[in-house]
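Comments concern the structure below.
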Amino acid sequence: MMKDICRANLSRFLIRAISKIPETERSLILDIGCGTGVPTLVLSNHLNGIIHAIDSDETLLRELDKKILKFGLTKRIFTFHKSVLEIDLPSQLYDIVLAEGLLNVIGFEKGLQIVNKIIKDDGYFIIHDEFAKHEEKLILIDNYKYKIIDSFIIDEKTWWNDYYKCLEEEIALTDDTNKSDIYENELKDIESYKKQPQLFCSIYYVLQKRQFR
């Protein structure tokens, strides 16, 4: 998929976030709102363990299933068609949870509430979210008993150079005659960026759930 090609250009930032987590022999990892699985595959390449990938969009999950078969990851990545709001408590809590852009959809505090119930004490929560209401988010992070291991910003120029410019170029390279119809959503995203690039700034938080005995 075209978006996957461009999204992969930003994978180095997730790799940077993952690098802050100590290596373990076998972790139980959850990717919430996994989409077509670009970040899921990054997790599989840089972390040991089993990955549960969930998304409410079955079409996107089927794309991820194809990649899992292609790369021989059927024993490591398992997909689940469900909303993050419907997550059942697993018999074993998760060591690592990733939310790439999902909290922007369901709400930052709601995401913290959900993950708090399914992550181990001392477990790690990687969040990639829009850079907005940062001070409010810092308060929420503390209220939900997480400590910040690292945080870093992806600025709007990086989003243009690595993603939106890539998307624009990929569309231009196609032979499709009805590009405005076929790539309507992508073109709208690019136009939105060009109108207000300052809004296209995001941040990674690498959090660890504090343990209380």
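Does the range 148-162 contain any residue that is among the aromatic types (Phe, Trp, Tyr) and surrounded by fewer than 17 Cβ atoms within 10 Å (Cβ to Cβ)?
Taking every residue of the range 148-162 in turn, at least one turns out to be among the aromatic types (Phe, Trp, Tyr) and surrounded by fewer than 17 Cβ atoms within 10 Å (Cβ to Cβ).
So how many residues does the range 76-87 have that are in contact (Cβ under 8 Å) with a residue 24 or more places away in the chain and either farther than 19 Å from SER27 by Cα or touching a Ser or Thr at 6+ places or on another chain (Cβ under 7 Å) (or both)?
Of the range 76-87, the ones in contact (Cβ under 8 Å) with a residue 24 or more places away in the chain are 76-85, 87.
If we keep only those that are either farther than 19 Å from SER27 by Cα or touching a Ser or Thr at 6+ places or on another chain (Cβ under 7 Å) (or both) too, we end up with 76-77, 81-85.
Count: 7.
Restricting to the range 114-158, count the residues that are assigned to a strand (DSSP E or B) and at positive phi. Break it down into steps so the answer makes sense when it comes.
Within the range 114-158, the first condition is being assigned to a strand (DSSP E or B), and the residues that meet it are 119-130, 146-154.
Going one step further and asking which of them are at positive phi, we end up with 122.
Number satisfying all stated conditions: 1.
So ALA53 passes all but one of these: (1) touching a Leu at 6+ places or on another chain (Cβ under 9 Å); (2) farther than 21 Å from HIS128 by Cα; (3) among the small types (Gly, Ala, Ser). Which condition number does it fail?
For ALA53, the exception is condition (2).
Of all residues in the range 1-40, count the ones that are assigned to a loop (DSSP other than H, G, I, E, B), at pLDDT 95 or above and exposed (fewer than 13 other Cβ atoms within 10 Å of the Cβ).
Selection size over the range 1-40: 1.
Hey, among the residues in the range 41-75 that are touching a residue at least 40 places away in the same chain (Cβ under 8 Å) and in a helix (DSSP H, G or I), which one's surrounded by the most Cβ atoms within 10 Å (Cβ to Cβ)?
LEU43
Any chance the range 105-113 includes a residue that's surrounded by 14 or more Cβ atoms within 10 Å (Cβ to Cβ) and either touching a Gly at 6+ places or on another chain (Cβ under 8 Å) or in a loop (DSSP other than H, G, I, E, B) (or both)?
No, the range 105-113 contains no residue that is surrounded by 14 or more Cβ atoms within 10 Å (Cβ to Cβ) and either touching a Gly at 6+ places or on another chain (Cβ under 8 Å) or in a loop (DSSP other than H, G, I, E, B) (or both).
Is it the case that ASP189 is part of a helix (DSSP H, G or I), out of contact with any Pro (no Cβ under 6 Å at 6 or more places or on another chain) and in contact (Cβ under 8 Å) with a residue 24 or more places away in the chain?
yes
With respect to PHE80, is the statement that it is over 15 Å from GLY33 (Cβ atoms) and of a type in the set (Phe, Trp, Tyr) true? I'd like the intermediate steps shown before the answer.
Working: over 15 Å from GLY33 (Cβ atoms): no; of a type in the set (Phe, Trp, Tyr): yes.
Judged against the criteria, PHE80 is not a match.
Using the structure shown, decide if ILE149 is at pLDDT 90 or above and among the β-branched types (Val, Ile, Thr). Full working, then the answer.
Details: at pLDDT 90 or above: yes; among the β-branched types (Val, Ile, Thr): yes.
So ILE149 fits the description; yes.
The values are calculated or read from the model by the stated rules, or taken from the named source; none is laboratory data. The structure presented is a predicted model; accordingly, all values stated were derived computationally and were not measured. Here the Cβ is made from the backbone with ideal geometry for all residues, glycine too, and neighbour counts use every protein chain on show.
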